[in-house]
Amino acid sequence: MTTEIQTRKARVLGVEGLIKRFGEHTVVDGVSFHIEAGETYGLLGPNGAGKTTIISMVAGLIPADQGSIELAGFAMTPTTTKAKAHIGLVPQELAIYPCLSARENLLFFGRLQGLSGQDLKKRTGEVLDLLGLGDRAREQTKKFSGGMKRRLNIGIGLLHRPTLLILDEPTVGVDPQSRNSILESVEGLATEGMAVLYTTHYMEEAERLCDRIAIIDEGRIQAEGTRNQLVELTGGVDRIELRGSGNTTATATALRQLPGVQHVDGGGSGLTLTVLNGPGLLAPIVAEAGRMGMTLTSVEIVRPDLESVFLHLTGKALRD
């Protein structure tokens, strides 16, 4: 994953002012974003935030009440065919045939996507290898683990080399090892120039995979940017945890005088400092603690993460 978008690339998807209501309830409220070629863009938010409704409109499965979607230069609506041909959609629910083998599933869906002959055969082999399923290609998928089924589900979306791959919570319900395999597979997609729209409520997935992230809650995008840009919204403060023995009261008083130290709490066996630029302040803080007679047994820098950003923006934890 790249942490910053360095150069302007071709825009694959443009979404402007999407609104969707179900009865009196507004599920998506004025959502706008864009994705460029080779970029992985994340929609991060809790269950019920509107993520699946957004991608259902982007994929042309349901109409927007207001707003517009443009994909690869074509307007996207439920009746559009040209725009839909550029999408690979991987839904939360598995869309595979359990009595068919992995290869047979891919061949079947490949034909539906317009592939045939040697191109289909070659592409099926490429996808099986990419997802680490080559050695199980002839086995019925009902014998697969949950993680293997999820990877095959992704492979079906990849077969026709889509311009935009949409992944809706692709790691839900899988074990940690399978989850890591899925994430490794996704990491390789953007390097091929494919744009990826990734929805998740797992903060660590968004941080690992996504070039830019939209934090979404109650149908609205609360903030958007790279991981570092979003963290700056919290004020960019870090915590430094000092554990040890000695005169912690005098140490705390001395540390409060250092430039960049905003707050010092604790006593007894440890101190917690709120600081600007924790890595840059670590050396003078440790030196000052030693000068004040504190013997340190451990020092830890805790940097803000997307969980902190979500809490800062919405007043609640991401998994509330």
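The values are calculated or read from the model by the stated rules, or taken from the named source; none is laboratory data. Please read these numbers as outputs of a predicted model, since none were measured by experiment. Every residue, glycine among them, receives a Cβ derived from its backbone with ideal geometry; neighbour counts consider all protein chains shown.
The table below gives the values:
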quantity	calculated
Every residue from region 229-238 that is more than 20 Å from A49 (Cβ to Cβ) and within 14 Å of the chain's Cα centre (by Cα)	none
Residue selected from region 268-291 under the condition closer than 11 Å to L242 by Cβ and more than 34 Å from the chain's Cα centre (by Cα), by the criterion modelled with the lowest pLDDT	S269
Residue identified as more than 30 Å from the chain's Cα centre (by Cα), farther than 30 Å from D217 by Cβ, at pLDDT 90 or above and surrounded by 15 or more Cβ atoms within 10 Å (Cβ to Cβ) among T297, T251	T251
Long-range neighbours under 6 Å by Cβ, at least six apart or interchain, first residue at pLDDT 90 or above within region 180-200, second aromatic (F, W, Y)	L197/Y41
Residue within region 91-114 that is touching a strand residue (DSSP E or B) at 6+ places or on another chain (Cβ under 7 Å), surrounded by 15 or more Cβ atoms within 10 Å (Cβ to Cβ), in contact (Cβ under 8 Å) with a residue 24 or more places away in the chain and closer than 18 Å to H160 by Cα present	yes
Any strands (runs of 3 or more DSSP E) falling wholly within region 202-320 and containing at least 1 residues that are of a type in the set (A, V, I, L, M) and under 30 Å from I35 (Cα atoms)	212-217, 220-225, 237-245
Strands (runs of 3 or more DSSP E) (entirely within region 1-93) containing at least 3 residues that are touching a Lys or Arg at 6+ places or on another chain (Cβ under 8 Å) and closer than 22 Å to P170 by Cα	25-36, 40-44
For P279: the one exception among (1) surrounded by 12 or more Cβ atoms within 10 Å (Cβ to Cβ); (2) closer than 19 Å to S308 by Cα	(1)
Residue among L165, L197, L183, L115 that is touching a helix residue (DSSP H, G or I) at 6+ places or on another chain (Cβ under 7 Å), in a helix (DSSP H, G or I) and hydrophobic (A, V, I, L, M, F, W, C)	L183
Criterion violated by I62 - all others in (1) over 28 Å from E184 (Cα atoms); (2) out of contact with any strand residue (DSSP E or B) (no Cβ under 7 Å at 6 or more places or on another chain); (3) modelled with pLDDT under 95 satisfied	(3)
Verdict on L183 being in the same structural domain as G132 (by TED's automatic domain parsing) and buried (at least 22 other Cβ atoms within 10 Å of the Cβ)	no
Only one of D168, D238, D211 that is in contact (Cβ under 8 Å) with a residue 24 or more places away in the chain and farther than 30 Å from M76 by Cα	D238
Hey, G42 under 25 Å from the mean Cα position of the chain (by Cα), in the same structural domain as L165 (by TED's automatic domain parsing), within 17 Å of I166 (Cα to Cα) and at pLDDT 95 or above or not	yes
